[in-house]
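K.L.:
Have a look at the structure that comes next, please.
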Amino acid sequence: MARKPFIAGNWKMNMTAASGEKLIKELAPLVADANCDVALCVPAILIPAMTQAAKGTNIAIGAENVHWAEKGAYTGEISCEQLKEYGVKYAIIGHSERRQCFGETDESVNKRALAALANCITPIVCVGETLEERESGITEKVLDRQLTDGLKDIEDVTKIVIAYEPVWAIGTGKTATDGQAQETIAYIRKKIGQLFCPGCAEKVIIQYGGSMNAANCKGLMAQPDIDGGLIGGASLKLDFATIVNFDK
């Protein structure tokens with residue numbers, strides 16, 4: 001069975017309730033007939049309002065992070081239970097900005113992913129190398145570690161989404177070529193097959209998350225192992241609809 005494409009936006013620390021509602025209202029009719037799953041992962045404070053704004057549309061609302069504990073003294077974090085109260089379906093885990101700016105580790109990524117799965121929230125687990133790592137020729141070594149440690153103890157890998165983010169292409173305007181993206185994502189799928197099973201790997205949705213936009217989405221999405229995109233800046237404007245409708 002063919003993998004259904006999945007396009008997800010990551011608003012990061014952008015938008016307000018008013019601007020977010022306006023965007024969703026304008027996006028909804030433009031993506032209503034999409035042949036892919038569609039989600040917007042938004043700041044935690046906006047989840048209630050965006051859930052309401054997206055009601056009755058095919059746009060799912062996701063979170064940009066989730067904690068592994070059910071509750072407790074974790075100032076600034078958000079739990080699965082809190083997300084589920086608003087029907088959140090997805091949570092981004094281990095984004096490169098979380099790793100670089102806030103000390104996220106493969107171990108904490110793993111704990112967050114396991115908690116999300118236990119609560120029927122689909123984790124979008126981010127992996128990817130820095131420019132220094134790519135130029136040093138250790139991309140595969142980095143990905144091996146992130147996948148092995150980040151996916152530890154996951155029973156059904158088909159219930160997660162992987163987002164490959166070449167860190168050097170996030171917010172820089174640089175994008176991996178179609179061939180570079182395909183080659184690396186094919187390697188990720190191969191590694192998942194080794195860690196779990198080849199059949200499982202063929203079912204896992206793997207997104208490209210390095211500055212996909214309206215201009216380059218068709219070429220990237222035409223690659224056999226690229227199943228979607230984790231979209232940053234372009235998800236803050238109506239260009240997101242062009243990406244969602246990449247096949248039209």
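Bear in mind these aren't lab numbers, they're just calculated from the coordinates by the rules spelled out. Just so it is clear, the model here is predicted, and its values are computed rather than measured. For neighbour counting, all protein chains shown are included, and Cβ atoms are generated from backbone atoms with ideal geometry for every residue, glycine included.
K.L.:
For the stretch 22-37, list residues with backbone N below 11 Å from a point placed 7 Å from the Cα of K89 toward its Cβ?
P.N.:
It comes to 36-37, nothing else.
K.L.:
Here's a follow-up. How big is the gap, in Å, between the Cα center of the stretch 212-245 and the Cα center of the stretch 79-130?
P.N.:
A separation of 22 Å, based on Cα centres.
K.L.:
Along Cα→Cβ, 7 Å out, is where each label goes; now give me the distance between the ones at K159 and C101 in nm to one decimal.
P.N.:
So the label points at K159 and C101 sit 3.1 nm apart.
K.L.:
Would you be so kind as to identify which of I93, P48, T175 lies farthest towards the positive end of the dipole of the chain, taking Lys and Arg as +1 and Asp and Glu as -1 on Cβ and the Cα centre as origin?
P.N.:
P48
K.L.:
Now, a different point. So which trypsin sites (Lys or Arg not before Pro) in the stretch 49-101 pass both tests, a DSSP loop state and at most 13 other Cβ atoms within 10 Å of the Cβ?
P.N.:
Working: sites: K55, K71, K84, K89, R98, R99; in loops: K55, K71, K89.
Those that pass, being in a loop and sparsely packed, are K55, K71.
K.L.:
Would you mind computing, in nm to one decimal, how far apart the modelled labels at R145 and C120 are, each placed 7 Å from Cα along Cα→Cβ?
P.N.:
Reported label-point gap for R145 and C120 is 3.7 nm.
K.L.:
Right, next: Please report, in debye to the nearest 20, how large the charge dipole of the chain is about its Cα centre when each Lys and Arg carries +1 at its beta carbon and each Asp and Glu carries -1 there.
P.N.:
On the way: 26 positive and 31 negative charges, 96 e Å.
Result for the chain is approximately 460 debye, rounded to the nearest 20.
K.L.:
Just for the Cα atoms in the stretch 85-201, what are the lengths along the principal axes, largest first, rounded to whole Å?
P.N.:
Here the Cα extents, ordered largest to smallest, are 41, 33, 24 Å.
K.L.:
Grab the beta carbon distance between K190 and K152, set R0 = 22 Å, and tell me the FRET efficiency rounded to 0.05.
P.N.:
Values: r = 18 Å, r/R0 = 0.83.
Step by step, r from the Cβ atoms, then E = 0.75.
K.L.:
Determine the sum of side-chain charges near N110: Lys and Arg each +1, Asp and Glu each -1, restricted to other residues whose C-beta is under 14 angstrom from that of N110. Mind showing how you got there, number by number?
P.N.:
Values: positive: R98, R99, K111, R112, R145, K152; negative: E104, D106, E107, D149, D153, E155.
Its environment carries a net charge of 0.
K.L.:
Where Lys and Arg each count +1 and Asp and Glu each count -1, what net charge lies around G62 among other residues with Cβ under 14 Å from its Cβ?
P.N.:
Details: positive: K12, K84, K89, R112; negative: D37, E64.
Summing Lys and Arg as +1 and Asp and Glu as -1 gives +2.
K.L.:
Per-residue ellipticity at 222 nm for the chain, helices alone: DSSP H runs ≥ 4 residues times -39500 (n - 2.57), over residue total, nearest 500 deg cm²/dmol? All intermediate terms of the calculation are to be shown ahead of the outcome.
P.N.:
Values: 11 runs with 97 residues, N = 248.
Taking each H run of at least 4 residues, the total per residue is -11000 deg cm²/dmol.
K.L.:
If only Cα atoms are counted, what is the Rg of the chain, and what is its Dmax, in Å?
P.N.:
According to the Cα coordinates of the chain, Rg and Dmax are 16.7, 48 Å.
K.L.:
Under a Cβ-only charge scheme (Lys and Arg +1, Asp and Glu -1), can you give me the dipole magnitude of the stretch 135-248 about the Cα centre, in debye to the nearest 20? Kindly include the intermediate steps, with their values, before the conclusion.
P.N.:
Values: 12 positive and 15 negative charges, 33 e Å.
With Lys and Arg at +1 and Asp and Glu at -1, about 160 debye.
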